[in-house]
Amino acid sequence: MWHFTETNKLLRFQDNREVVAGKTLSVTGQLVLCEHGLHACKKILDACMYAPGPYIWWVELSGKVIHGNDKSAATKRKAVWGYDATGVLREFARIVALQAVEKYWDEKKFGPFPEVTKKYLQTGDESLRSAARSAAWSAAESAAWSAARSAAWSAAWSANNKLLTKMILASRPKTKKKK
C-alpha cells in the first residue's frame with residue numbers, strides 16, 4: 001500500500017515520529033478513517049490526494065485494519081521502503097497535463113495553447129517553469145478548460161494510476177542485499 005510524508009519523514013498532527021524503512025509504527029485506540037490510525041491507500045493516485053509532501057512509502061498495514069473507499073487505517077504500519085519522489089511526481093504531472101492539452105485543448109475556443117507551457121510540459125526545462133506557469137494560468141482561466149481538465153482526469157484515472165505506479169517503482173533506489 002502507498003503512503004506519503006513530507007521530506008522530513010515525520011508523521012503529522014503533532015505525532016512527529018519519524019517514518020523509517022523497516023520500522024513498524026503503532027497506535028492505540030479506536031480506528032476512525034481520516035481521524036485516527038495509520039493510513040495508506042491501495043492506489044497511488046488515491047495516496048497522492050492525501051499527500052502532505054513528495055516522500056513516497058510502500059507500507060504494510062497490520063494489527064486491526066479498517067477500509068474505506070480509497071484508503072485504509074490500521075493500528076500498525078511498517079514502512080518497507082521509501083524515497084523523495086519529487087522529480088518523478090513532476091514528470092508525471094507534466095505527462096498527464098500534456099496528454100490533456102493534446103486531447104482536449106480546443107484552439108477554436110481558446111486560441112493556441114501557450115508555446116512556452118507546451119515546451120515546459122514536453123521537456124521539463126526548469127528555466128521555462130515560471131513563464132510556463134504564468135502562461136498556463138492565463139490559459140486556464142476559461143471555465144471550459146477547467147471542465148476539459150476534469151473530464152480528462154476522470155477518463156484517464158486508471159491509466160494514470162498504472163503509469164505513476166510504474167514510474168515510482170522504476171525510479172526507486174535499489175536496496176543493497178546484506179551479505
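Taking label points 7 Å from Cα along the Cα-to-Cβ direction, Lys64 and Thr86 give a separation of 3.9 nm. Take the Cα pairs of the chain, get the Kirkwood Rh, then feed it into Stokes-Einstein at 10 °C and 1.306 mPa s and tell me D in µm²/s. D, rounded to a whole number, is 87 µm²/s. Mean separation of Cα pairs under 8 Å and 6 or more residues apart, divided by the residue count, gives the chain a relative contact order of 20 percent.
Only helical runs count toward this figure. For the chain, summing -39,500 (n - 2.57) over DSSP H runs of n ≥ 4 and dividing by all residues gives -13500 deg cm²/dmol at 222 nm.
With the cut-off at 1.5 for a/c, could you classify region 1-73 from its C-alpha gyration tensor as rounded, prolate or oblate? Cα axes put region 1-73 in the rounded bin.
Residues considered: Trp57, Trp157, Trp81. Largest GNM mean-square fluctuation over the chain, using C-alpha springs under 10 Å, is found at Trp157.
Region 47-123 and region 1-35 have their alpha-carbon centroids 20 Å apart. Applying a threshold of 19 Å to the alpha-carbon distances of Lys118/Lys162; Lys118/Lys166; Lys23/Lys76; Lys43/Lys162; Lys42/Lys162 flags Lys118/Lys162; Lys118/Lys166 as lying beyond it. Enter the angle in degrees (range 0 to 90, nearest 10) between the Cα long axis of helix 157-171 and the first principal axis of the Cα atoms of the chain, meaning the one along which they spread out most. The two axes meet at around 70 degrees.
Using the Karplus relation 6.51 cos²θ - 1.76 cosθ + 1.60 with θ = phi - 60°, the per-residue 3J(HN,Hα) values for region 80-93 come to 7, 7, x, 6, 6, 9, 3, x, 5, 5, 5, 4, 4, 4 Hz, with x marking Gly and Pro.
Read-outs throughout are calculated quantities, based only on the coordinates presented, and are distinct from any laboratory measurement. This is a predicted model, so every value here is computed, not measured. Ideal geometry is used to build each Cβ from the backbone, glycine not excepted, and the neighbour counts take in all protein chains shown.
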